[in-house]
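Heads up, the thing below is written out as structure tokens.
The values are calculated or read from the model by the stated rules, or taken from the named source; none is laboratory data. If you're wondering where the values come from, they're calculated on a predicted model, not measured in any experiment. Quick reminder, even Gly has a Cβ in these numbers, built from the backbone with ideal geometry, and neighbours come from all protein chains shown.
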Amino acid sequence: MEEHKLAKTGTTTVGIVCKDGIILAADRKMTLGGMIVSNKKFQKVIILNEELALTIAGLVSDIQLLVKLIKAQIKLDELRKGKKIKVKEVANLLSNLVYSNARKFSSIPGITGFLLGGKDNEGFYLYELGMDGSLTKFDDYATDGSGMLFATGVLEANYKQNMTIDEGVKLAVKAINASIQRDTASGCGVDVITITKDGTTKAFEQSLDTRLSA
């Protein structure tokens with residue numbers, strides 16, 4: 001397969017830690033090699049279960065494989081242990097999968113980026129998983145993808161400790177919007193998911209219609 005035919009998400013993803021939960025958000029644009037928009041409604045925030053969710057960035061085929069694997073691994077581990085798996089354990093499992101995927105021999109590099117948000121009986125957590133398998137925990141916010149520089153500027157200027165979920169959702173939309181305005185690989189809309197004591201919920205979604213009419 002020629003490189004320009006590879007499906008990539010381009011992407012801006014955002015994770016925000018609030019006093020009562022985690023916010024995960026992303027745009028919707030998927031491209032072929034960063035040149036052609038192939039999907040304007042691609043979901044880049046994925047609910048794994050009622051306690052866990054992911055944002056995705058990178059090569060779509062690798063992302064889809066890793067998401068299937070981590071979903072299966074979570075169910076398997078919970079069946080074996082007879083209890084809910086901790087967020088840190090899921091982060092380490094996914095980190096190992098990303099590490100192995102990035103280092104396997106292939107003519108197509110396995111480039112992925114994830115933000116993992118979740119809750120367990122110890123609290124709420126936000127992790128970033130780099131394309132090399134690195135794992136970083138954040139207690140404020142994180143962003144990934146081609147539009148991360150634009151989103152980071154908004155988050156740096158507006159984030160504050162102990163934000164409410166409503167404030168976090170508004171900030172996430174503002175950060176994604178800043179990226180959509182300037183990053184050519186991000187766009188077409190935004191999806192926001194919240195993780196609170198009540199579970200994982202889609203809190204906001206909006207499509208952007210750029211068609212012209214005379």
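I need a count of the residues in region 174-184 that are assigned to a helix (DSSP H, G or I) and either among the small types (Gly, Ala, Ser) or touching a helix residue (DSSP H, G or I) at 6+ places or on another chain (Cβ under 7 Å) (or both). Write out each step before concluding.
As a first pass, look at region 174-184 and keep what is assigned to a helix (DSSP H, G or I): 174-182.
Add one more test, that the residue is either among the small types (Gly, Ala, Ser) or touching a helix residue (DSSP H, G or I) at 6+ places or on another chain (Cβ under 7 Å) (or both), and what stays is 174-176, 178-179, 182.
Qualifying residue count, region 174-184: 6.
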Please report, ordered by residue number, the strands (runs of 3 or more DSSP E) entirely within region 36-131 with at least 1 residues that are surrounded by fewer than 18 Cβ atoms within 10 Å (Cβ to Cβ) and of a type in the set (A, V, I, L, M, F, W, C).
-> 36-39, 45-47
Going through region 155-167 in order, the residues found to be surrounded by fewer than 21 Cβ atoms within 10 Å (Cβ to Cβ) and either outside any loop (DSSP other than H, G, I, E, B) or in contact (Cβ under 8 Å) with a residue 12 or more places away in the chain (or both) are GLU156, ALA157, ASN158, TYR159, GLN161, ASN162, THR164, ILE165, ASP166, GLU167
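Filter region 185-214 for residues that are assigned to a strand (DSSP E or B) and aliphatic (A, V, I, L, M); which is nearest to LYS29 (Cα to Cα)?
Step one: filter region 185-214 for residues assigned to a strand (DSSP E or B), giving 189-196, 199-207.
With aliphatic (A, V, I, L, M) added as a condition, the list becomes 190, 192-193, 195, 203.
Working: VAL190: 9, VAL192: 15, ILE193: 17, ILE195: 23, ALA203: 19 Å.
Applying the filter and picking the extreme gives VAL190.
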For region 103-115, indicate whether the set of residues that are of a type in the set (Lys, Arg) and closer than 17 Å to ASP191 by Cβ is non-empty.
-> no
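Just to be sure I understand, how many residues within region 55-81 are over 25 Å from VAL14 (Cβ atoms) and touching a Lys or Arg at 6+ places or on another chain (Cβ under 9 Å)? Can you show your working first?
As a first pass, look at region 55-81 and keep what is over 25 Å from VAL14 (Cβ atoms): 72-73, 75-81.
Checking which are touching a Lys or Arg at 6+ places or on another chain (Cβ under 9 Å) leaves us with 78.
Within region 55-81, residues that are over 25 Å from VAL14 (Cβ atoms) and touching a Lys or Arg at 6+ places or on another chain (Cβ under 9 Å) number 1.
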Which members of region 20-35 meet the condition of being part of a loop (DSSP other than H, G, I, E, B), more than 24 Å from GLU89 (Cβ to Cβ) and charged (D, E, K, R)?
-> ARG28, LYS29
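Any idea which of LYS202, LYS170 is modelled with pLDDT of 95 or more, over 11 Å from CYS18 (Cα atoms), within 14 Å of the chain's Cα centre (by Cα) and surrounded by fewer than 20 Cβ atoms within 10 Å (Cβ to Cβ)?
Numbers: LYS170 fails: within 14 Å of the chain's Cα centre (by Cα).
Sole residue among the options that is modelled with pLDDT of 95 or more, over 11 Å from CYS18 (Cα atoms), within 14 Å of the chain's Cα centre (by Cα) and surrounded by fewer than 20 Cβ atoms within 10 Å (Cβ to Cβ): LYS202.
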Taking THR136 and the conditions (1) in a strand (DSSP E or B); (2) closer than 20 Å to ILE193 by Cα, which numbered condition does it fall short on, given that it satisfies the others?
-> (2)
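Sort out which residues of region 191-214 are of a type outside the set (S, T, N, Q) and touching an Asp or Glu at 6+ places or on another chain (Cβ under 6 Å), and write them in order of number.
Start the filter on region 191-214 by keeping residues that are of a type outside the set (S, T, N, Q), which leaves 191-193, 195, 197-199, 202-205, 208-209, 211-212, 214.
Passing the criteria: ASP191, GLY199, GLU205.
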